[in-house]
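The block underneath contains the structure these notes are about, expressed in structure tokens.
The values are calculated or read from the model by the stated rules, or taken from the named source; none is laboratory data. As the structure is a computational prediction, the values presented were derived from the model and not from experiment. Cβ coordinates were reconstructed from backbone atoms using ideal geometry, including for glycine residues, and neighbour counts include every protein chain displayed.
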Amino acid sequence: MSAMSEDDGVEESLFAAKDRFFGIGVGADVYGRLAELRASGPVHPGSVSGQFGTVGPDNFLYPEDQQVTVVDFDEIEAAYRNPGLFSSSYSSAPLREVIGRTILEMDPPDHQRYRTLLQGAFTKKEMERWEREFVQDIVADALDPLVPLGRGDLAKDFAFHYPITVTAVAAGLPVEDVPTFYEQAMLLTNAMFPHEDRLRAAAELGAMVERLIAERRQEPTGDLISILAHAEIAGADGGGTQRLSDEEIVAFMRLLVPAGAQTTYRTLTNLLYALLTHPDQLEALRSDRSLVPKAIEEGLRWEPPLVSFGRLATADTEIAGCPVSAGSAVNLCIAAANRTPERWSDPEEFDITRPTLAHMSFGQGNHICLGIHFARMELRVAVEQILDKLPGLRLDPDCAEEVRIDGVLARTAVSLPCVWDVPAAEPVR
Amino acid sequence: MTADPVDGARPVRVVVDLALCEGNALCMGIAPEVFDVGEHDKVVVLDETPPETMRTELREAVRSCPRQAITLVEDPART
């Protein structure tokens, strides 16, 4: 049962289709296979999905025999830091035609000009303002109705819903448009859906955002669309300044749902799964809230929302001695890097008390996640409210359904049936 | 990894290139005693000459900076 409105059904079925495309439901032993791959060499022929015998966005878009999968932390880090040789134009094929050209597919020098402009909207300080002005309230609105029930599914009834609302409100979309916004974003970011449906969704979302841009150019309100409409960027020739066009702002907004809302949803379900299956660590977190940031980073390391991210080789080269030909897709396997035994002791274990070392879940180098402070803040607010409002939180012992984190290219605990203690109601006087 | 120009035994000073810094705060996550993110979303070095016991964390902060804005230099004042 959902805590939200009835029309959630449409969005959820679109989302389920996208999940299947990312290998959720396959039940693959992802980390067992990645450990085997890591032990047998740093680079392997084929896509990530190919290592599991599945079809996903990677081998749907690029031929299996023209790609490699890198599983070694140092090689992955080096590749992320070498955009001249490993180009982000990988993301053009799946997204350019329907979303438009965004920072995701840019290389230097264009990338840095856009990054500088967008960075101002996602700073740590700006996230403190978002938290105060609307994130705390949106999280409370999603969680509070569940509290008196004493049981619920924290993935389906909570984690699925709040990031999309936060993202839409931050952008400046009217709350009543959130379901439409979500449905269109789902359609246009899934390469499996019919092309004409995706183009129609792109056009409708574009028209919605363009109306808002026109309003915000007249009268800025402090939301993301206002900031982007008024931000200035150094000109390509180094002289003068230019602004983002409507088309560029629309493209960025189309990217926000998959990049911002879905990753946060997946990350939170994975972190909650980790805590619910390690009750001693959940208890430690309850008694020492200063551990929350460490728990979030450890959750991101242990089960990142995205297993891999792609680049295209711009020239014939080699990685760790393995030849890679120009034009090959290079899959940088974040999930494999995050469990490197040379870097973390007992890497397969979830342990919120381990020393903090940088993981690969936000990427690395010039494209490191623009929403790094946004994600951390949204996750922290959700975890803190859960700890505050759901005493005695545990997995539902009466639930027969198997609870697990699943997926080949994206990882999510799609269902987290839980129970918690309901405080006795105050006597009415 | 590239060779560390500063060997483990000598005191170091933490230097940040603020023109490169984007305030991603990975350094702050690794060594909050040394790095913070300030008003203008650039790193603030809280302790420019951290104790030698922090050398492992400092190297990790240098390595993990997405912009490679942090360097450790020998601190002649303390050698």
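Here are a few things to note about the model shown:
- Tally of residues being closer than 26 Å to A:G120 by Cα, assigned to a helix (DSSP H, G or I), modelled with pLDDT of 85 or more and among the aliphatic types (A, V, I, L, M) across the stretch A:155-177: 6
- Evaluated against (1) within 14 Å of chain B (Cβ to nearest Cβ); (2) closer than 29 Å to A:E318 by Cβ; (3) buried (at least 22 other Cβ atoms within 10 Å of the Cβ), A:F122 falls short on exactly one condition, (2).
- From A:I368, A:I386, A:I352, residue being out of contact with any His (no Cβ under 6 Å at 6 or more places or on another chain) and closer than 30 Å to A:P94 by Cβ: A:I368
- Scanning the stretch A:23-64 for residues that are part of a loop (DSSP other than H, G, I, E, B), under 20 Å from A:S325 (Cα atoms) and in contact with a helix residue (DSSP H, G or I) (Cβ under 9 Å, 6 or more places away or on another chain) yields A:P42, A:G46, A:S47, A:Y62.
- Residue-level check: of (1) within 14 Å of chain B (Cβ to nearest Cβ); (2) hydrophobic (A, V, I, L, M, F, W, C); (3) over 21 Å from A:G260 (Cβ atoms), A:A28 misses just (1).
- Wholly within the stretch A:241-347, helices (runs of 4 or more DSSP H) carrying at least 1 residues that are among the β-branched types (V, I, T): A:246-256, A:263-276, A:292-302, A:334-337
- Filtered residues of the stretch A:303-341 (kept if β-branched (V, I, T) and closer than 17 Å to A:T263 by Cβ): A:V307, A:I334
- Unmet criterion (only one of (1) surrounded by fewer than 22 Cβ atoms within 10 Å (Cβ to Cβ); (2) in contact (Cβ under 8 Å) with a residue 12 or more places away in the chain) for A:P63: (2)
- Residue in the stretch A:347-356 that is nearest to the other protein chains (Cβ to nearest Cβ), counting only those that are out of contact with any Asp or Glu (no Cβ under 6 Å at 6 or more places or on another chain) and not polar (S, T, N, Q): A:P355
- Considering only residues in the stretch B:56-79 that are of a type in the set (A, V, I, L, M, F, W, C) and outside any helix (DSSP H, G or I), the one that is farthest from the other protein chains (Cβ to nearest Cβ) turns out to be B:V73.
Quick grid of which residues meet (1) away from chain B (no Cβ under 14 Å); (2) among the small types (G, A, S); (3) free of Cβ contacts under 8 Å to residues at least 40 places away in the same chain; (4) surrounded by 15 or more Cβ atoms within 10 Å (Cβ to Cβ):
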{"position": "A:S361", "(1), (2), (3), (4)": "no, yes, no, yes"}
{"position": "A:H367", "(1), (2), (3), (4)": "no, no, no, yes"}
{"position": "A:E378", "(1), (2), (3), (4)": "yes, no, no, yes"}
{"position": "A:A382", "(1), (2), (3), (4)": "yes, yes, no, yes"}
{"position": "A:Q385", "(1), (2), (3), (4)": "yes, no, no, yes"}
{"position": "A:K389", "(1), (2), (3), (4)": "yes, no, no, yes"}
{"position": "A:E402", "(1), (2), (3), (4)": "yes, no, yes, no"}
{"position": "A:A410", "(1), (2), (3), (4)": "yes, yes, no, yes"}
{"position": "A:S415", "(1), (2), (3), (4)": "yes, yes, no, yes"}
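- Only residues that are out of contact with any helix residue (DSSP H, G or I) (no Cβ under 8 Å at 6 or more places or on another chain), modelled with pLDDT under 90, within 12 Å of chain A (Cβ to nearest Cβ) and under 18 Å from A:R81 (Cβ atoms) were counted in the stretch B:1-55, giving 1.
- Residue check, A:E303 of a type in the set (D, E) and surrounded by fewer than 18 Cβ atoms within 10 Å (Cβ to Cβ): no
- Listed conditions (1) under 28 Å from A:L224 (Cα atoms); (2) at pLDDT 95 or above; (3) away from chain B (no Cβ under 14 Å); (4) surrounded by fewer than 21 Cβ atoms within 10 Å (Cβ to Cβ) are all met by A:P148, apart from (1).
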